[in-house]
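Have a look at the structure below before the remarks.
The values are calculated or read from the model by the stated rules, or taken from the named source; none is laboratory data. Predicted model only: the values in this text are computed from it and were never measured. Counting neighbours? That spans all protein chains shown, and the Cβs are built from the backbone with ideal geometry, glycine included.
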Amino acid sequence: MGLRVPGLDQYRENLRIAMDTLRVSKLRSALTILGVVIGVATVMTMASLVDGLRSQIIRTVEIAGPTTFYVLKAYSSTPVNPRDPPAWIRIRPDLSEEEAALIRRLPETRYAALWGQVLQRLSYQGERTQPTAIFGADAGFPEIQGGELTAGRWFTRAEVVGGAAVIVVNDAMARQLFGRLDPIGKVMQVGARPVEVIGLYQPPENIFAPQGSETGAIVPYRLLDAQFDIDRNNALWIPVKPRTGVTVQAAQEAVTIALRERRQLRPSQKNSFDLVTQDQILEIFNQLTSVFFIVMLVLASVALLVGGIGVMAIMMVSVTDRTREIGIRKALGATRGDIAVQFLIEAATLTGIGGAIGIVIGLGAGQLVTRLMGISATPPIAFTLVAVAVSVGIGIVFGVLPARRAARLDPIEALRYE
């Protein structure tokens, strides 16, 4: 069956007929496009979310600097059970302050320190937060993680070396605990341990720490090590910054040689530590989000398939209901191609409307989700265009069979149909 490309006037007429048909069968049409709406909305929401998360990670890499890398006891894309780690992790020695100092003294490095993290509640006079990430670090924390002080100061060298009971608190959490009181100089609790507030810290927007937790507060590492039980498999690491002019590869080679010599590893033995770069963090994140996005696409495809089958069903019913109309049009000179194009346009209009509604809902839901997560995202224009094309394409594909059926009706038999 050859199809003539309809002229502009014919297209407008077919579009008008399609809209009239939709108005006549509002409920049936609405139920039919629901699957298309759900599928397109799901794709748009996930596209907005993934775009926002990727932008967040990229901004954080820019904060830490593309040359920053991390020394870990063992690198795994998922945390290991601290009470029963795999054998290959158990045989590895824990990272130590001495190793961090060794790395810091290398001519290729500008910064290195041992950091740790625990989850604890912050409290003050009956007010307390949910368990949040407490970092053990030094005054170099903002250089790696970004952010800035909004009040007070960072740790002195003496406080870092002595493990003093001092703390720099997340500004938002300080407002939650202290209200209108000035927190500086007040004694609060981390878990059950008293500490003095010496500073308020505002994290950078959309921060992505290596361990993936929000920064609740920072204390000197030695205080964290002495007062809390640190998961030394997952929550202990050494951030390293190379000197200006030194490449990441050169700094990593220097660190690797220094740690292997300290741990007395023979040439045939593998490293008993791992080095992780910002690119590796991005790569793992992209793998995770890609899998997540593929799953969402599969679910959305199922909804679109259901919507397409619904379109085919309603168009089949429409052909039956309008058999006499088709006969009259053929009697007046309409060709098979004219009839087929009419029903294809109706099907494409049906799914096009569903796609447009799905795009609006998906973009709105995406913006809502990203705002609730505290990340910013731009509307995925490319996915919007793809979603429109896919939704219209579904109407055309699933409208072919009803269109062929309508085009093949015998005009004499159609005129006799009651």
- prompt: What are the pairs, 6+ residues apart or on separate chains, where a residue within the range 153-176 that is assigned by TED's automatic domain parsing to the domain that holds Gln202 has its Cβ under 6 Å from a residue that is in a loop (DSSP other than H, G, I, E, B)?
  reply: Trp154/Ala139; Phe155/Ala139; Val160/Asp138; Met173/Thr129; Ala174/Pro183
- prompt: If you scan the range 68-93, which residues turn out to be of a type outside the set (Gly, Ala, Ser), over 21 Å from Lys241 (Cα atoms) and touching a residue at least 12 places away in the same chain (Cβ under 8 Å)?
  reply: Pro79, Val80, Pro82, Pro85, Trp88, Ile89, Ile91, Arg92, Pro93
query: Which condition breaks for Val71 when tested against (1) surrounded by fewer than 21 Cβ atoms within 10 Å (Cβ to Cβ); (2) touching a Phe, Trp or Tyr at 6+ places or on another chain (Cβ under 8 Å); (3) over 28 Å from Arg193 (Cα atoms)?
result: (1)
query: Looking at the range 132-249, what strands (runs of 3 or more DSSP E) fall wholly within it and have at least 3 residues that are surrounded by fewer than 17 Cβ atoms within 10 Å (Cβ to Cβ)?
result: 148-152, 193-202
